[in-house]
Amino acid sequence: MTTNKAPEVNLRNIVLNMLLENNKGRLSHLIVKDTLDENKNLDKNQRAFITRLFQGTIERTIEEDYIINLFSKTKVNKMKPVIRYILRMSVYQLKYMDSVPESAVCNEAVKLAKKRKFSNLSGFVNGVVRNIARNMDSIKYPEKENERLEIEYSMPLWIVDMWIERFGIETTKNILKSVYNKKTTTIRVNTSKTTVDEVVVRLENEGAKVKRSTLYSNALEISDYNQIADFYDFNKGNIVVQNLSSMFVGMAANPKEGYYIIDVCAAPGGKSLHIADLIHNKGKIRARDLTEYKVGLINENIKRTGFNCIFAECKDATKLDKNVIGKADIVIADLPCSGLGVIGNKVDIKYNTSIEQINELAKLQKEILSVVSKYVKPGGTLIYSTCTVTKEENEDNVKWIEENLPFKLQSLNKKLPEQIIDNKHDYVQILPGKYGMDGFFISAFRRIDK
Ligand SMILES: C[S@@+](CC[C@H](N)C(=O)[O-])C[C@H]1O[C@@H](n2cnc3c(N)ncnc32)[C@H](O)[C@@H]1O
(Lines give C-alpha, C1' and ligand atoms only; values in the text may rest on other atoms or scores of the structure.)
Protein backbone atom coordinates (compact mmCIF):
# COMPACT_ATOMS: atom_id res chain seq x y z
CA MET A 1 0.00 0.00 0.00
CA THR A 2 1.34 3.49 -0.81
CA THR A 3 0.78 6.47 1.44
CA ASN A 4 1.37 10.20 1.06
CA LYS A 5 2.40 10.57 4.71
CA ALA A 6 5.88 12.06 5.20
CA PRO A 7 8.36 9.53 6.61
CA GLU A 8 8.70 9.64 10.42
CA VAL A 9 11.64 11.78 11.44
CA ASN A 10 13.15 11.88 14.89
CA LEU A 11 13.15 15.62 15.49
CA ARG A 12 15.04 15.34 18.80
CA ASN A 13 17.77 13.39 17.08
CA ILE A 14 18.12 16.24 14.56
CA VAL A 15 18.32 18.72 17.45
CA LEU A 16 20.92 16.58 19.23
CA ASN A 17 23.07 16.65 16.07
CA MET A 18 22.67 20.43 15.93
CA LEU A 19 23.72 20.80 19.57
CA LEU A 20 26.78 18.61 19.05
CA GLU A 21 27.69 20.75 16.02
CA ASN A 22 27.35 23.87 18.18
CA ASN A 23 29.56 22.18 20.78
CA LYS A 24 32.29 22.04 18.11
CA GLY A 25 32.14 25.83 17.79
CA ARG A 26 29.76 26.42 14.86
CA LEU A 27 27.43 29.34 15.49
CA SER A 28 23.83 28.50 16.31
CA HIS A 29 22.11 30.75 13.76
CA LEU A 30 24.18 29.19 10.95
CA ILE A 31 23.33 25.68 12.19
CA VAL A 32 19.60 26.52 12.16
CA LYS A 33 19.81 27.87 8.63
CA ASP A 34 21.74 24.86 7.29
CA THR A 35 19.54 22.31 9.06
CA LEU A 36 16.32 23.85 7.79
CA ASP A 37 17.79 24.07 4.28
CA GLU A 38 18.82 20.40 4.43
CA ASN A 39 15.40 19.29 5.73
CA LYS A 40 13.06 21.02 3.31
CA ASN A 41 10.54 18.16 3.69
CA LEU A 42 9.70 19.19 7.26
CA ASP A 43 6.42 21.01 7.78
CA LYS A 44 5.97 24.40 9.50
CA ASN A 45 5.38 22.87 12.95
CA GLN A 46 8.35 20.53 12.72
CA ARG A 47 10.63 23.39 11.67
CA ALA A 48 9.35 25.48 14.54
CA PHE A 49 9.87 22.60 17.01
CA ILE A 50 13.46 22.01 15.91
CA THR A 51 14.35 25.69 15.99
CA ARG A 52 12.73 26.29 19.36
CA LEU A 53 14.24 23.22 21.06
CA PHE A 54 17.72 23.87 19.67
CA GLN A 55 17.82 27.59 20.37
CA GLY A 56 16.03 27.26 23.68
CA THR A 57 18.40 24.55 24.92
CA ILE A 58 21.38 26.79 24.16
CA GLU A 59 19.72 29.94 25.49
CA ARG A 60 18.89 28.30 28.83
CA THR A 61 22.11 26.34 29.30
CA ILE A 62 23.16 27.95 32.58
CA GLU A 63 19.79 27.23 34.16
CA GLU A 64 19.64 23.69 32.71
CA ASP A 65 23.08 22.89 34.12
CA TYR A 66 22.15 24.35 37.51
CA ILE A 67 19.09 22.09 37.61
CA ILE A 68 20.89 18.98 36.34
CA ASN A 69 23.67 19.44 38.89
CA LEU A 70 21.10 19.47 41.69
CA PHE A 71 19.89 16.01 40.65
CA SER A 72 22.94 14.22 39.26
CA LYS A 73 25.98 12.98 41.17
CA THR A 74 28.03 13.29 37.98
CA LYS A 75 28.30 17.02 37.33
CA VAL A 76 27.41 18.34 33.88
CA ASN A 77 30.97 19.27 32.96
CA LYS A 78 32.12 15.69 33.59
CA MET A 79 29.47 14.11 31.32
CA LYS A 80 29.95 12.84 27.78
CA PRO A 81 28.66 15.53 25.37
CA VAL A 82 25.85 13.28 24.04
CA ILE A 83 24.52 12.63 27.55
CA ARG A 84 24.98 16.25 28.60
CA TYR A 85 22.97 17.50 25.61
CA ILE A 86 20.24 14.86 26.00
CA LEU A 87 19.80 16.02 29.61
CA ARG A 88 19.89 19.73 28.71
CA MET A 89 17.30 19.23 25.95
CA SER A 90 15.12 17.28 28.36
CA VAL A 91 15.27 19.94 31.08
CA TYR A 92 14.41 22.59 28.50
CA GLN A 93 11.35 20.65 27.35
CA LEU A 94 10.21 19.96 30.91
CA LYS A 95 10.57 23.57 31.98
CA TYR A 96 9.66 25.55 28.87
CA MET A 97 7.66 23.43 26.42
CA ASP A 98 4.26 22.90 27.99
CA SER A 99 2.97 21.09 24.94
CA VAL A 100 5.40 18.19 25.46
CA PRO A 101 4.18 15.67 28.09
CA GLU A 102 6.66 14.66 30.81
CA SER A 103 6.45 11.01 29.84
CA ALA A 104 7.40 11.84 26.25
CA VAL A 105 10.43 13.84 27.44
CA CYS A 106 11.67 10.92 29.58
CA ASN A 107 10.98 8.22 26.99
CA GLU A 108 12.55 10.17 24.15
CA ALA A 109 15.65 10.93 26.26
CA VAL A 110 16.14 7.23 26.99
CA LYS A 111 15.51 6.32 23.33
CA LEU A 112 18.10 8.87 22.21
CA ALA A 113 20.73 7.59 24.66
CA LYS A 114 20.23 4.04 23.32
CA LYS A 115 20.27 5.19 19.70
CA ARG A 116 23.61 6.90 20.35
CA LYS A 117 25.08 3.66 21.77
CA PHE A 118 24.85 4.73 25.39
CA SER A 119 22.50 1.93 26.47
CA ASN A 120 24.65 1.54 29.60
CA LEU A 121 23.70 5.10 30.61
CA SER A 122 20.03 4.94 29.66
CA GLY A 123 19.07 4.08 33.28
CA PHE A 124 21.03 7.09 34.52
CA VAL A 125 19.35 9.37 31.96
CA ASN A 126 15.94 7.96 32.87
CA GLY A 127 16.55 8.47 36.62
CA VAL A 128 17.82 12.04 36.34
CA VAL A 129 15.11 13.19 33.91
CA ARG A 130 12.26 11.60 35.91
CA ASN A 131 13.62 13.00 39.17
CA ILE A 132 13.85 16.50 37.69
CA ALA A 133 10.34 16.19 36.23
CA ARG A 134 8.93 15.23 39.66
CA ASN A 135 10.67 18.07 41.49
CA MET A 136 10.73 20.87 38.90
CA ASP A 137 8.31 23.10 40.79
CA SER A 138 10.22 23.01 44.07
CA ILE A 139 13.69 23.83 42.74
CA LYS A 140 15.33 26.64 44.74
CA TYR A 141 17.17 29.42 42.95
CA PRO A 142 20.05 31.43 44.50
CA GLU A 143 18.99 34.14 46.95
CA LYS A 144 21.46 36.85 45.91
CA GLU A 145 19.74 38.89 43.22
CA ASN A 146 22.53 38.95 40.62
CA GLU A 147 23.18 35.22 41.04
CA ARG A 148 19.47 34.49 40.75
CA LEU A 149 19.26 36.52 37.54
CA GLU A 150 22.28 34.64 36.19
CA ILE A 151 20.46 31.31 36.60
CA GLU A 152 16.93 32.48 35.88
CA TYR A 153 17.91 34.10 32.58
CA SER A 154 21.00 31.99 31.83
CA MET A 155 23.10 35.09 31.47
CA PRO A 156 26.78 34.92 32.42
CA LEU A 157 27.23 36.64 35.78
CA TRP A 158 29.77 39.17 34.49
CA ILE A 159 27.22 40.47 31.94
CA VAL A 160 24.48 40.66 34.61
CA ASP A 161 26.85 42.59 36.90
CA MET A 162 28.01 44.88 34.07
CA TRP A 163 24.43 45.79 33.18
CA ILE A 164 23.34 46.24 36.82
CA GLU A 165 26.25 48.64 37.34
CA ARG A 166 25.44 50.54 34.16
CA PHE A 167 21.64 50.54 33.95
CA GLY A 168 20.45 49.57 37.44
CA ILE A 169 18.54 46.48 38.48
CA GLU A 170 15.12 47.23 36.95
CA THR A 171 16.44 48.03 33.46
CA THR A 172 18.71 44.99 33.62
CA LYS A 173 15.71 42.79 34.43
CA ASN A 174 13.82 44.29 31.48
CA ILE A 175 16.72 43.60 29.13
CA LEU A 176 17.01 40.04 30.41
CA LYS A 177 13.27 39.44 30.01
CA SER A 178 13.26 40.89 26.52
CA VAL A 179 15.84 38.37 25.35
CA TYR A 180 13.19 35.67 25.75
CA ASN A 181 10.26 37.49 24.19
CA LYS A 182 8.64 35.76 21.27
CA LYS A 183 10.55 36.66 18.16
CA THR A 184 8.91 37.77 14.97
CA THR A 185 10.73 38.66 11.76
CA THR A 186 11.05 42.29 10.78
CA ILE A 187 11.23 43.10 7.10
CA ARG A 188 11.79 46.35 5.26
CA VAL A 189 9.92 47.14 2.09
CA ASN A 190 11.95 48.56 -0.79
CA THR A 191 9.60 51.43 -1.46
CA SER A 192 11.48 52.49 -4.56
CA LYS A 193 10.27 49.19 -6.09
CA THR A 194 6.78 48.69 -4.63
CA THR A 195 4.47 50.05 -1.93
CA VAL A 196 4.05 48.88 1.64
CA ASP A 197 0.30 48.45 1.09
CA GLU A 198 0.82 46.16 -1.88
CA VAL A 199 3.33 44.04 0.04
CA VAL A 200 0.97 43.72 3.02
CA VAL A 201 -1.84 42.45 0.78
CA ARG A 202 0.40 39.94 -0.99
CA LEU A 203 2.00 38.62 2.22
CA GLU A 204 -1.41 38.19 3.85
CA ASN A 205 -2.73 36.43 0.74
CA GLU A 206 0.22 34.07 1.02
CA GLY A 207 -0.80 33.24 4.61
CA ALA A 208 1.53 35.38 6.75
CA LYS A 209 0.43 37.46 9.71
CA VAL A 210 1.58 41.03 9.13
CA LYS A 211 1.86 43.93 11.56
CA ARG A 212 2.91 47.45 10.59
CA SER A 213 5.65 49.10 12.60
CA THR A 214 4.62 52.13 14.61
CA LEU A 215 8.15 53.55 14.34
CA TYR A 216 8.96 53.27 10.63
CA SER A 217 6.36 53.09 7.90
CA ASN A 218 8.57 50.93 5.63
CA ALA A 219 8.95 48.22 8.28
CA LEU A 220 6.65 45.24 8.85
CA GLU A 221 6.65 42.47 11.43
CA ILE A 222 5.72 39.10 9.97
CA SER A 223 4.93 35.78 11.60
CA ASP A 224 3.12 32.47 10.93
CA TYR A 225 4.96 31.65 7.74
CA ASN A 226 7.13 28.76 6.66
CA GLN A 227 10.16 30.20 4.89
CA ILE A 228 10.87 33.78 3.88
CA ALA A 229 12.16 32.50 0.52
CA ASP A 230 8.62 31.26 -0.30
CA PHE A 231 7.25 34.80 -0.62
CA TYR A 232 6.78 36.42 -4.01
CA ASP A 233 8.05 39.74 -2.66
CA PHE A 234 11.23 38.19 -1.29
CA ASN A 235 12.06 36.60 -4.63
CA LYS A 236 11.32 39.85 -6.43
CA GLY A 237 13.65 41.71 -4.06
CA ASN A 238 10.81 43.88 -2.81
CA ILE A 239 11.50 43.02 0.82
CA VAL A 240 14.63 42.59 2.92
CA VAL A 241 14.88 40.96 6.34
CA GLN A 242 16.32 43.60 8.66
CA ASN A 243 15.85 44.39 12.31
CA LEU A 244 14.10 47.70 12.91
CA SER A 245 16.94 49.14 14.97
CA SER A 246 19.35 48.45 12.12
CA MET A 247 17.08 50.45 9.78
CA PHE A 248 17.75 53.52 11.90
CA VAL A 249 21.35 53.51 10.65
CA GLY A 250 20.19 54.27 7.11
CA MET A 251 17.81 56.90 8.42
CA ALA A 252 20.51 58.52 10.57
CA ALA A 253 22.78 58.70 7.49
CA ASN A 254 20.09 60.72 5.69
CA PRO A 255 21.46 59.97 2.20
CA LYS A 256 20.43 61.88 -0.92
CA GLU A 257 20.23 60.87 -4.58
CA GLY A 258 23.64 61.10 -6.28
CA TYR A 259 25.66 60.63 -3.09
CA TYR A 260 28.92 58.68 -2.99
CA ILE A 261 28.75 56.33 0.00
CA ILE A 262 31.23 53.82 1.41
CA ASP A 263 29.93 51.08 3.72
CA VAL A 264 33.21 49.73 5.08
CA CYS A 265 31.93 46.60 6.88
CA ALA A 266 28.87 45.86 4.81
CA ALA A 267 28.08 42.13 4.70
CA PRO A 268 25.47 40.82 4.24
CA GLY A 269 24.44 44.26 3.07
CA GLY A 270 21.57 45.36 5.33
CA LYS A 271 22.51 49.03 5.56
CA SER A 272 23.77 49.35 1.97
CA LEU A 273 20.53 47.91 0.62
CA HIS A 274 18.46 50.26 2.74
CA ILE A 275 20.49 53.26 1.61
CA ALA A 276 20.19 52.14 -2.02
CA ASP A 277 16.42 52.23 -1.57
CA LEU A 278 16.52 55.63 0.14
CA ILE A 279 18.49 57.13 -2.78
CA HIS A 280 16.22 55.38 -5.32
CA ASN A 281 19.17 53.50 -6.80
CA LYS A 282 20.71 56.83 -7.88
CA GLY A 283 24.24 57.36 -6.61
CA LYS A 284 27.11 55.03 -5.78
CA ILE A 285 27.54 52.77 -2.79
CA ARG A 286 30.77 50.87 -2.26
CA ALA A 287 29.86 47.93 -0.01
CA ARG A 288 33.02 46.38 1.39
CA ASP A 289 33.87 43.45 3.58
CA LEU A 290 36.90 41.42 4.60
CA THR A 291 36.47 38.13 2.73
CA GLU A 292 35.27 36.95 -0.68
CA TYR A 293 32.68 34.80 1.11
CA LYS A 294 31.19 37.89 2.79
CA VAL A 295 31.31 39.86 -0.46
CA GLY A 296 29.42 36.95 -2.03
CA LEU A 297 26.63 37.45 0.52
CA ILE A 298 26.36 41.11 -0.42
CA ASN A 299 26.31 40.21 -4.12
CA GLU A 300 23.50 37.70 -3.57
CA ASN A 301 21.43 40.49 -2.02
CA ILE A 302 22.29 42.95 -4.77
CA LYS A 303 21.23 40.39 -7.36
CA ARG A 304 17.95 39.67 -5.61
CA THR A 305 17.00 43.31 -5.05
CA GLY A 306 18.37 44.61 -8.34
CA PHE A 307 20.00 47.71 -6.82
CA ASN A 308 22.80 48.29 -9.29
CA CYS A 309 24.06 51.41 -7.51
CA ILE A 310 25.83 49.10 -5.01
CA PHE A 311 29.28 47.70 -5.81
CA ALA A 312 30.48 44.96 -3.49
CA GLU A 313 34.23 44.63 -3.02
CA CYS A 314 36.71 42.81 -0.85
CA LYS A 315 38.66 45.33 1.25
CA ASP A 316 40.20 45.21 4.69
CA ALA A 317 38.89 48.26 6.54
CA THR A 318 42.06 48.51 8.64
CA LYS A 319 44.11 49.20 5.46
CA LEU A 320 43.96 52.69 3.98
CA ASP A 321 42.51 52.87 0.45
CA LYS A 322 44.23 55.95 -0.96
CA ASN A 323 41.86 56.09 -3.95
CA VAL A 324 38.87 57.18 -1.91
CA ILE A 325 40.40 59.62 0.60
CA GLY A 326 38.16 62.67 1.05
CA LYS A 327 35.65 61.44 -1.56
CA ALA A 328 32.66 60.09 0.34
CA ASP A 329 29.54 62.05 1.22
CA ILE A 330 28.85 59.36 3.80
CA VAL A 331 30.94 56.60 5.34
CA ILE A 332 29.00 53.89 7.16
CA ALA A 333 31.11 52.24 9.85
CA ASP A 334 28.81 49.50 11.18
CA LEU A 335 31.69 47.72 12.79
CA PRO A 336 32.37 44.24 14.15
CA CYS A 337 31.36 44.24 17.81
CA SER A 338 30.54 42.01 20.76
CA GLY A 339 26.92 41.70 19.57
CA LEU A 340 25.29 41.87 23.02
CA GLY A 341 22.32 43.67 21.46
CA VAL A 342 21.36 40.66 19.35
CA ILE A 343 21.60 37.88 21.92
CA GLY A 344 17.87 37.21 21.51
CA ASN A 345 18.55 35.90 17.98
CA LYS A 346 22.15 34.77 18.12
CA VAL A 347 21.76 32.73 21.25
CA ASP A 348 25.36 31.66 21.82
CA ILE A 349 26.96 35.12 21.70
CA LYS A 350 26.59 35.60 25.45
CA TYR A 351 28.75 32.55 26.19
CA ASN A 352 31.43 33.40 23.64
CA THR A 353 32.33 36.88 24.71
CA SER A 354 34.40 38.27 27.57
CA ILE A 355 35.51 41.62 28.90
CA GLU A 356 38.96 41.04 27.33
CA GLN A 357 37.29 40.50 23.97
CA ILE A 358 35.21 43.65 24.38
CA ASN A 359 38.39 45.64 25.01
CA GLU A 360 40.05 44.06 21.96
CA LEU A 361 37.02 44.92 19.82
CA ALA A 362 36.97 48.51 21.08
CA LYS A 363 40.61 48.75 20.00
CA LEU A 364 39.87 47.30 16.54
CA GLN A 365 36.94 49.70 16.16
CA LYS A 366 39.22 52.67 16.85
CA GLU A 367 41.77 51.33 14.39
CA ILE A 368 39.12 51.01 11.66
CA LEU A 369 37.57 54.40 12.47
CA SER A 370 40.93 56.18 12.27
CA VAL A 371 41.39 54.76 8.74
CA VAL A 372 37.91 54.99 7.24
CA SER A 373 37.15 58.46 8.64
CA LYS A 374 39.71 59.70 6.10
CA TYR A 375 37.31 58.74 3.28
CA VAL A 376 34.72 61.31 4.40
CA LYS A 377 34.88 64.57 2.48
CA PRO A 378 34.88 67.89 4.39
CA GLY A 379 31.34 68.51 5.61
CA GLY A 380 30.47 64.85 4.97
CA THR A 381 29.03 62.33 7.42
CA LEU A 382 30.57 59.47 9.35
CA ILE A 383 28.11 57.00 10.86
CA TYR A 384 29.44 54.81 13.64
CA SER A 385 27.14 52.00 14.76
CA THR A 386 27.28 48.67 16.58
CA CYS A 387 24.75 46.04 17.61
CA THR A 388 25.99 45.97 21.16
CA VAL A 389 25.41 47.40 24.60
CA THR A 390 28.85 48.07 26.09
CA LYS A 391 30.25 51.41 27.14
CA GLU A 392 33.73 50.53 25.83
CA GLU A 393 32.52 49.96 22.26
CA ASN A 394 29.89 52.69 22.18
CA GLU A 395 30.06 55.82 24.37
CA ASP A 396 33.81 55.54 24.94
CA ASN A 397 34.44 55.32 21.20
CA VAL A 398 32.22 58.34 20.52
CA LYS A 399 34.31 60.30 23.00
CA TRP A 400 37.47 58.98 21.38
CA ILE A 401 36.30 60.07 17.89
CA GLU A 402 35.55 63.57 19.13
CA GLU A 403 38.91 63.85 20.85
CA ASN A 404 41.06 62.33 18.12
CA LEU A 405 39.41 62.82 14.74
CA PRO A 406 38.24 66.01 12.95
CA PHE A 407 34.57 65.21 13.52
CA LYS A 408 31.71 66.67 15.51
CA LEU A 409 28.87 64.55 16.90
CA GLN A 410 25.51 65.46 15.33
CA SER A 411 22.07 65.24 16.85
CA LEU A 412 19.83 62.48 15.49
CA ASN A 413 16.77 64.51 16.32
CA LYS A 414 14.38 64.75 13.34
CA LYS A 415 16.23 61.93 11.56
CA LEU A 416 14.97 59.17 13.85
CA PRO A 417 11.55 58.64 15.45
CA GLU A 418 11.23 60.75 18.60
CA GLN A 419 10.39 57.68 20.70
CA ILE A 420 13.95 56.44 20.43
CA ILE A 421 15.78 59.77 20.65
CA ASP A 422 17.86 60.16 23.80
CA ASN A 423 17.26 63.67 25.10
CA LYS A 424 20.49 63.69 27.10
CA HIS A 425 22.82 62.61 24.30
CA ASP A 426 23.25 63.10 20.57
CA TYR A 427 23.84 59.38 20.00
CA VAL A 428 21.24 56.67 20.50
CA GLN A 429 21.68 53.49 22.52
CA ILE A 430 18.71 51.24 21.89
CA LEU A 431 18.46 48.63 24.63
CA PRO A 432 17.44 45.12 23.55
CA GLY A 433 13.69 44.68 23.72
CA LYS A 434 12.75 48.34 23.31
CA TYR A 435 9.73 48.23 20.97
CA GLY A 436 10.72 44.59 20.39
CA MET A 437 13.94 45.65 18.68
CA ASP A 438 17.49 44.36 18.85
CA GLY A 439 19.91 46.41 20.90
CA PHE A 440 21.79 48.91 18.76
CA PHE A 441 24.05 51.93 19.04
CA ILE A 442 24.02 54.73 16.45
CA SER A 443 26.06 57.91 16.23
CA ALA A 444 26.51 60.40 13.38
CA PHE A 445 29.43 62.82 12.96
CA ARG A 446 30.14 65.70 10.56
CA ARG A 447 33.66 66.25 9.24
CA ILE A 448 34.66 69.70 10.41
CA ASP A 449 38.13 70.31 8.93
CA LYS A 450 38.67 71.69 5.44
C1 LIG B 1 28.20 44.17 12.12
S2 LIG B 1 28.68 43.26 10.73
C3 LIG B 1 28.13 44.30 9.43
C4 LIG B 1 26.66 44.20 9.15
C5 LIG B 1 26.30 45.00 7.92
N6 LIG B 1 26.66 46.37 8.04
C7 LIG B 1 24.82 44.91 7.60
O8 LIG B 1 24.06 45.82 7.90
O9 LIG B 1 24.39 43.89 7.04
C10 LIG B 1 30.39 43.55 10.69
C11 LIG B 1 31.08 43.07 9.42
O12 LIG B 1 32.43 43.51 9.51
C13 LIG B 1 33.19 42.63 8.76
N14 LIG B 1 34.61 42.88 9.09
C15 LIG B 1 35.30 42.50 10.19
N16 LIG B 1 36.57 42.95 10.13
C17 LIG B 1 36.68 43.65 8.97
C18 LIG B 1 37.74 44.35 8.33
N19 LIG B 1 38.96 44.44 8.88
N20 LIG B 1 37.50 44.92 7.13
C21 LIG B 1 36.29 44.84 6.55
N22 LIG B 1 35.24 44.20 7.12
C23 LIG B 1 35.44 43.60 8.30
C24 LIG B 1 32.65 41.28 9.14
O25 LIG B 1 32.97 40.34 8.16
C26 LIG B 1 31.16 41.57 9.23
O27 LIG B 1 30.52 41.23 8.03
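Checked against a 20 Å cut-off, the cross-linked pairs Lys144/Lys434; Lys315/Lys374; Lys303/Lys327; Lys236/Lys256 give Cα-Cα distances beyond that limit for Lys144/Lys434; Lys303/Lys327; Lys236/Lys256. In the full protein context, the stretch 375-434 carries 45 Å² of accessible surface per residue, based on a 1.4 Å probe and ignoring ligands, DNA and RNA.
With only Cα atoms counted, the stretch 185-241 has Rg and Dmax values of 9.9, 27 Å.
Seen from all directions on average, the stretch 11-138 presents a Cα convex hull projection of 7.5 nm².
If I build a Gaussian network model for the chain, linking alpha-carbon pairs within less than 10 angstrom, which residue out of Val189, Val110, Val201 has the largest mean-square fluctuation? Taking springs between Cα atoms under 10 Å, the residue moving most is Val201. What is the distance in Å between the Cα centres of the stretch 349-381 and the stretch 175-246? Value for the Cα centre distance between the two parts: 30 Å. Using only Cα atoms and rounding to the nearest 10 degrees, what angle (0 to 90) does helix 395-404 make with the longest principal axis of the chain? Taking Cα atoms only, the helix is inclined about 30 degrees.
For the chain, the fraction of 1.4 Å probe accessible surface lying on carbon and sulfur atoms is 49 percent.
Under 14 Å of direct C-alpha separation, and excluding same-chain neighbours fewer than eight residues apart, Lys366 reaches these aspartates and glutamates: Asp334, Glu392, Glu393, Glu395, Asp396, Glu402, Glu403.
Could you compute how much accessible surface Lys294 exposes when probed at 1.4 Å, giving the result in Å² to the nearest 10? Roll a 1.4 Å probe over it and Lys294 shows about 80 Å². Built from the Cα atoms of the stretch 190-332, the convex hull projects on average onto 8.5 nm², one quarter of its surface area. Using the 1.4 Å probe convention, the accessible area of the stretch 11-138 works out to 48 Å² per residue with neighbouring protein chains retained. The calculated Kirkwood hydrodynamic radius for the chain is 23.8 Å, given to one decimal from all distinct C-alpha pairs.
The convex hull built on the alpha-carbon positions of the stretch 244-447 has an orientation-averaged projected area of 10.8 nm².
The values are calculated or read from the model by the stated rules, or taken from the named source; none is laboratory data. Predicted model, so just to flag it, every value in this text is computed and none were measured. Note: accessible area is taken over every heavy atom of the protein model, side chains too, but ligands, DNA and RNA are not part of it. Shrake-Rupley method; radii C 1.70, N 1.55, O 1.52, S 1.80 Å.
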